[in-house]
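Coordinate-derived values only; no laboratory data. This is a predicted model, so every value here is computed, not measured. Note that we place each Cβ from the backbone using ideal geometry, even for glycine, and neighbour counts take in every protein chain shown.
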Amino acid sequence: MNLNFTPEQEAFRAEVQEWLADNLSARLADKVRTSKHLTKQDMEEWHAKLNAKGWLANHWPVEHGGPGWDPVQRFIFEHECALAHAPRVVPFGVNMLGPVLLKYGTDEQKAHYLPRILDGTDWWCQGYSEPGAGSDLASLKTAAVREGDHYVVNGQKTWTTLGQHADWIFCLVRTSKEGKPQEGISFLLIDMNTAGIEVRPIYLLDGDHEVNEVWFTDVKVPAENLVGTENMGWTIAKYLLTYERTGIAGVGFSTAALAELKRVVAQTEKADDPLFAARVAKVDIALENMKTTNLRVLAAAAGGGAPGAESSILKVKGTEIRQEINALFLRAMGPQAQPFISEALEDGFNGPETGPDGAAYAAKDYFNNRKLSIFGGSNEIQKNIVSKAMLGM
Amino acid sequence: MDFTPTDDRRMLADTLNRFLTDRYDHDTRMKIAGSEIGWSAELWAEMAELGLIGALFAEDEGGFGGHGFDIALIFEGLGRALVVEPFHGALAARALPADQREEVIAGALIPAFAHSEPGTSFAQDRLRTTVTDGKLSGTKVAVAQAEAAHIFIVSAQDSDGPALFMVNAEHANLTAYPLFDGGRGADVTFDDAPATRLSAPLDTVLNRALLALSAEALGIMERCKDTTVDYLKTRRQFGIPLSKFQALQHRAVDMVTEIEQTRSAVINAAHHLGGPGASKYAAAAKYTAAATGRMISEEAIQLHGGIAMTWEYDLAHAAKRLTMTAQIMGDEDVHLRRFPAL
């Protein structure tokens, strides 16, 4: 039993830190630290830097362009990126479709799509949720009917994150109404430029355009865009849900956010408030504990154990911690959290500053991150999983 | 980074768990805990023989363990079995001179650790027990197994500040009583008792005590959780097992989640014991164990329903001990208040 990282792991951490210092521009890091709006170009710039180093798809096998890291290295990398305020890697192509194609794709699909994910040719988005299928994903209705050498897709997807930028969408579609709902779902890759697709923005409560509705009307999709076999989509979706997610607890993001909170609180009336200090200490301790909980799950995974339900615990507790830090940050701003100046979150804003550091984005971060306990399987769904898989209830 | 126990610790855990399973079942524990003396001299001797006390000390202290992870392992096991024998006093023997410490490891000499005072459960800088010219005076409260003790390891102020002192039992005045959670304790008054100043810094012994209490609480939590989940699967109402109700499933999952966080807190404290982060992570562990302990105890009783309110049902006794581990040596607020400055 030893909590210390090995000298090799520490050397790796130093390598990552050095690379970040040389390659993460101050402009980009500052935008992330102050929750500015990232443009498509910002995200592509960061992907390109990572890809040039071979660190973009850090969990793919070496033969497909991965760096060959173990789970602990991936954790260190993601942690250091968060501490340095690097942009998040847009997960849909690299972290979601990539692993699916690697496991279920044909050789042709791998050869065609994987390099295009890495070099940024294709921007992917995810077509899972529907207006009537959120937590109950298996009730999805978007239908794909086979007609000769193609499918015809009709229906609607929603909450499609960054779909406004996407070239392609991977979708769960209904190909059969026989048997249990899970048994009639397929995994289909659809070109967003196909006739009959319409993307409509959904503006979130912070005023941002982050998610979309995607409508499909008689959309023709070549049959070779099916991943796996027909009606095995649910198996693929479940694989993705239990796919090892080293960063699911968001420990790096929380650590960075807590440091910002402590720095900013010093400028506010909360600086000498013992009640507030107690709230910060509580979440500080919970985060110290979570760091070790996360490493324990990683170590079990590295040792051959499959982190299934344990990653649900990381998700629930990790998102609660992050949301609490956001809530404390908001509260530290007091009434000065109120100004709603969208331009202040854009590049080159020169207007007057209102309030302490962080006042411009405290409310946005707080409200935007309420999503953390809703998406990716709501925290209630995660608890259902733990209850069944770990407790046998 | 490595979370697998060493072979030595795996063997130690096997020895401990086999002994407790074979010799310390719940009925035996209840007989001992409710007996006139509130502990078992016979089992204490056996446990010393097995090395369960020696494991709490390093080789240069006469033991064969003494690392934070040894202490955590032993006390987690003791917690799960609700052991009442005077292990917390023995743990404080690190402060004793070598010859006395070796007697403790052999099970022959029993120390009690006397720290909390009326109105101060943990504070090191507000001790009202004082030492002047080698004479110690003051009152300590709820000292575990004080009647069994041959010597007392006592925190007190002298002209140099807070420190630890050794006082022979013959100079202690006891007001003894049974404890709510089993075993016995006493309020102990010293009146110009001859005292020997010990060289071990007070905070090193306190950090060990906080780690041990947190690990003990962790063991009890695991027991409470297991008992509760088993019961939910067995007990049927409205024609189905309670475990099929989502409201109860989610509460059970919350218990598991917080217990895993407590295990991490104990690992952190064990790892840092003896290092520069020792006080910080000991405080974090005690805070976490106390806060989680109350949650687990209350939830375990609530999810059981009426049966957990009975003396006959073993969960009730686990819940009581779990609650009392939080009361001892500073509760969650005490250690939360300390944490930011550590």
Q.
Please compute, for the alpha-carbon atoms of the stretch B:244-315, the extent along each of the three principal axes and give them in descending order in Å.
A. 47, 29, 14
Q: For a quick protection proxy, order the peptides B:133-140, B:208-215 by their average other-Cβ count within 10 Å, most packed first.
A: B:208-215, B:133-140
Q) How many partner chain Cβ atoms sit within 10 Å of a residue's Cβ in peptide B:262-269, on average, as a whole number? A) 5
Q: Within a 10 angstrom radius of each residue's Cβ in B:67-75, how many Cβ atoms of other chains show up on average? Whole number is fine.
A: 1
Q. Zone of A:ILE202 (label point 7 Å along Cα→Cβ, backbone N under 14 Å): which residues in the stretch A:146-175?
A. A:156-164
Q. In whole Å, what three semi-axes, largest first, describe the equivalent ellipsoid of the protein assembly as shown built from its Cα gyration tensor (square root of 5 times each eigenvalue)?
A. 55, 29, 23
Q. So, in nm, how far is label A:ARG13 from label B:ASP125 when the simple model puts each one 7 Å beyond its Cα toward the Cβ?
A. 3.1
Q: Would you mind giving the mean number of other chain beta-carbons within 10 Å of the Cβ of each residue in B:251-261, as a whole number?
A: 6
(Q) Given the DSSP H assignment, sum -39500 (n - 2.57) over each helix run of at least 4 residues in the protein assembly as shown and divide by its residue total; what's the result at 222 nm in deg cm²/dmol, nearest 500? (A) -15000 deg cm²/dmol
**Q.** Size of electric dipole in the protein assembly as shown: Cβ of Lys, Arg +1 and of Asp, Glu -1, about Cα centre, debye, nearest 20
**A.** 1580
(Q) To the nearest 20 Debye, how big is the dipole of chain B about its Cα centre, given +1 on the beta carbon of each Lys and Arg and -1 on that of each Asp and Glu? (A) 1180
Q. Using the alpha-carbon atoms, what tilt in degrees (0 to 90, nearest 10) does helix A:274-302 show relative to the longest principal axis of chain A?
A. 40
Q: Decide, for the stretch A:146-204, between rounded, prolate and oblate: order the square roots of the alpha carbon gyration tensor eigenvalues as a ≥ b ≥ c, take rounded if a/c falls under 1.5, and otherwise choose prolate if a/b is larger than b/c, else oblate.
A: oblate
(Q) I'm checking a number: the convex hull volume of the Cα atoms of chain B, normalised per residue, in Å³. What is it? (A) 138
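Which pairs, out of A:LYS36/A:LYS262; A:LYS49/A:LYS110; A:LYS238/A:LYS388; A:LYS103/A:LYS364; A:LYS141/A:LYS371; A:LYS270/A:LYS364, put more than 26 Å between their alpha-carbon atoms?
A:LYS103/A:LYS364
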**Q.** Between the stretch A:275-296 and the stretch B:1-45, the Cα center-to-center distance that results, in Å
**A.** 32
**Q.** Cα shape, the stretch A:200-241, gyration tensor, a/c 1.5 rule
**A.** oblate
**Q.** Interatomic Cα distance distribution for the stretch A:39-117, bins of 10 angstrom, percent
**A.** 18, 52, 27, 3
Q.
What Kirkwood Rh does the stretch A:143-295 have if only Cα atoms enter the pairwise 1/r average? Answer in Å.
A. 19.2
Q.
Just want the answer: with Cβ charges of +1 for Lys and Arg and -1 for Asp and Glu, which residue in B:LEU20, A:GLY105, A:HIS85 is farthest toward the dipole's positive end in the protein assembly as shown?
A. A:GLY105
**Q.** Förster radius 30 Å - calculated FRET efficiency between B:ALA108 and B:MET30, Cβ distance, rounded to 0.05
**A.** 0.65
(Q) Two decimals, Cα atoms only, Kirkwood Rh: what is Rg/Rh over chain A? (A) 0.97
Q. With charges set only on the Cβ (+1 for Lys and Arg, -1 for Asp and Glu), what does the dipole of the stretch B:7-105 come to about its Cα centre, in debye to the nearest 20?
A. 380
Q) Among rounded, prolate and oblate, which fits the stretch B:7-105 when a ≥ b ≥ c are the square roots of the eigenvalues of its C-alpha gyration tensor, a/c under 1.5 means rounded, and a/b larger than b/c means prolate? A) oblate
Q. Using the alpha-carbon centroid of each, what span in Å lies between the stretch A:144-166 and the stretch B:270-318?
A. 51
Q. Any idea which of B:ALA92, A:LEU28, A:GLY392 is furthest toward the positive side of the dipole for the protein assembly as shown, if Lys and Arg beta-carbons carry +1 and Asp and Glu beta-carbons -1?
A. A:GLY392
